[in-house]
């Protein structure tokens with residue numbers, strides 16, 4: 001072990017055998033059944049791993065168990081990302097050095113860039129989200145492409161949403177491609193999974209939220225619904241549909257209002273991530289103007 | 001030739017030899033040098049071809065030459081998209097039937113879904129755009145990924161922008177992946193290419209536009225710049241930087257104001273397409289509220 005990595009301990013040699021049982025066990029987490037059976041998933045690449053380590057360190061500092069179970073790095077990646085590994089070490093998370101071959105065998109990504117973590121699944125119950133009195137929630141109904149789902153989670157995080165819900169008809173949020181597409185946001189805000197849309201909308205409405213469905217065929221224009229209205233000043237949950245076919249009539253009927261993002265030019269539509277970003281940012285803008293930020297809780 | 005396709009004429013047999021010179025000449029348009037030498041590019045797949053045919057038919061109806069030079073379809077695709085081929089035929093555009101092998105050999109895409117057109121390059125001079133007194137323009141400076149560039153063109157179209165400019169440091173807008181990512185928008189609004197950023201910003205400013213640069217490190221918040229200001233009521237050009245490293249200091253200095261899309265949550269950033277969509281939609285919203293739509297020109 002090169003001294004510069006700071007990884008080596010005499011009793012922990014680097015893992016170098018891509019066919020070792022431990023390596024195979026990690027690699028199996030690329031599949032949904034292994035993830036569900038073990039309640040674990042892969043976090044790949046410097047940015048997602050950095051955000052996962054930060055979430056872990058914060059949890060540990062709060063006296064809660066952090067999400068991470070294992071952290072693997074090549075010697076080269078350890079040299080390139082010393083702050084990530086230092087923070088992991090401070091949080092009591094041991095880093096195991098692996099060869100590039102082993103990392104490639106573990107990872108779902110073609111180029112995991114030398115860093116990979118195994119995390120406990122991070123989804124939380126819907127009741128826990130509602131207990132926090134959310135003001136902005138994104139609901140993904142029947143979103144099937146993991147990259148799209150991850151990008152919407154990233155947009156929801158950026159817009160300051162309080163939570164994201166993936167219904168039982170949506171992709172597995174712990175899918176490696178979805179995790180990568182969130183760019184770390186999966187560790188920034190609570191994510192609820194596996195609940196049927198009808199139960200989600202009923203629970204959000206019971207918690208005082210207005211449920212808006214985004215659909216190109218919506219009868220109301222986004223800004224008309226939000227601007228200067230009681231809707232825009234109150235808590236809002238957005239329901240987004242499948243990337244190809246949108247929301248079914250039955251799904252639209254579960255919303256209070258079906259809203260379209262206006263198309264001012266000649267484009268047929270926006271893609272899911274763009275439409276969701278516009279809806280969430282517009283809502284955040286109106287809410288923040290209408291209602292000053294809640295004061296921080298007294299210490 | 002099956003009768004149902006309506007493609008066959010006795011003197012025009014389907015092209016079935018993937019190694020024919022004509023097929024190779026089309027296939028070479030996947031490369032930038034051939035596109036520049038010949039002033040032609042590939043349009044692949046049902047949606048882009050449909051929008052290209054519509055633009056062609058409109059031009060012909062106006063007495064102008066349309067952009068399309070050739071249209072190729074497999075018998076199966078011809079059966080599946082009769083309206084596209086009928087509109088092409090009405091505009092005097094002959095469709096040539098090809099075998100699936102020939103279409104695959106012509107196309108850059110793995111699955112062109114049976115439809116492919118060859119178009120004249122569609123970029124226009126900057127002076128032509130400025131002559132139309134644009135109110136909303138998107139400028140892509142150093143955007144290198146064709147998919148990102150295409151997605152921003154689609155967003156600009158949806159937001160009702162009057163034009164998109166790709167500077168000389170940006171990807172070739174006629175790259176097949178870029179063309180596909182525009183989802184047809186390349187044929188909806190004027191696109192300018194190949195001009196250095198400094199010349200673009202000088203010309204836009206001379207035409208009375210405020211030049212805003214989007215950057216995560218911008219000193220002003222998007223809504224603060226646009227809402228209730230002279231900027232938001234007037235013509236605005238947005239400069240968007242590279243997907244990985246943003247805008248250089250020199251590029252930012254060319255703008256009147258450097259603007260950041262607020263990050264309300266804990267995400268590090270939005271991706272280029274999401275940030276551009278928020279900027280363009282926010283501007284369109286404010287402009288349309290402050291200034292009623294220009295009346296249509298009298299006939």
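Please treat every number below as a calculation from the coordinates, not as lab data. It should be emphasised that the depicted structure is a prediction, and the values quoted were computed from it without experimental measurement. Here the Cβ positions follow ideal geometry from the backbone for every residue, glycine too, while neighbour counts run over all protein chains shown.
Does residue B:212 satisfy the condition of being buried (at least 19 other Cβ atoms within 10 Å of the Cβ), within 12 Å of another protein chain (Cβ to nearest Cβ) and in contact with a helix residue (DSSP H, G or I) (Cβ under 9 Å, 6 or more places away or on another chain)?
Here the answer is no, as residue B:212 does not meet what is asked.
Under the condition of being free of Cβ contacts under 8 Å to residues at least 60 places away in the same chain and within 12 Å of another protein chain (Cβ to nearest Cβ), which residue from segment A:159-203 is surrounded by the most Cβ atoms within 10 Å (Cβ to Cβ)?
A:164
Checking residue A:220 against (1) touching a strand residue (DSSP E or B) at 6+ places or on another chain (Cβ under 7 Å); (2) under 30 Å from residue A:27 (Cα atoms): exactly one of these is not met. Which one?
(2)
Among the residues of segment B:123-158, write down those that are within 14 Å of chain A (Cβ to nearest Cβ) and touching a strand residue (DSSP E or B) at 6+ places or on another chain (Cβ under 7 Å).
Residues satisfying the conditions are B:134, B:136, B:137, B:138, B:152, B:153, B:156.
Out of the residues in segment B:216-269 meeting the condition of being in contact (Cβ under 8 Å) with a residue 60 or more places away in the chain and within 11 Å of chain A (Cβ to nearest Cβ), tell me which one is farthest from residue A:189 (Cα to Cα).
Within segment B:216-269, the match that is farthest from residue A:189 (Cα to Cα) is B:226.
Looking at segment B:224-242, which of its residues are surrounded by fewer than 19 Cβ atoms within 10 Å (Cβ to Cβ) and out of contact with any strand residue (DSSP E or B) (no Cβ under 8 Å at 6 or more places or on another chain)?
B:224, B:227, B:228, B:229, B:230, B:233 - these are the residues of segment B:224-242 that are surrounded by fewer than 19 Cβ atoms within 10 Å (Cβ to Cβ) and out of contact with any strand residue (DSSP E or B) (no Cβ under 8 Å at 6 or more places or on another chain).
Being touching a strand residue (DSSP E or B) at 6+ places or on another chain (Cβ under 8 Å) and either under 17 Å from residue B:158 (Cα atoms) or surrounded by fewer than 23 Cβ atoms within 10 Å (Cβ to Cβ) (or both): is that true of residue A:283 here?
no
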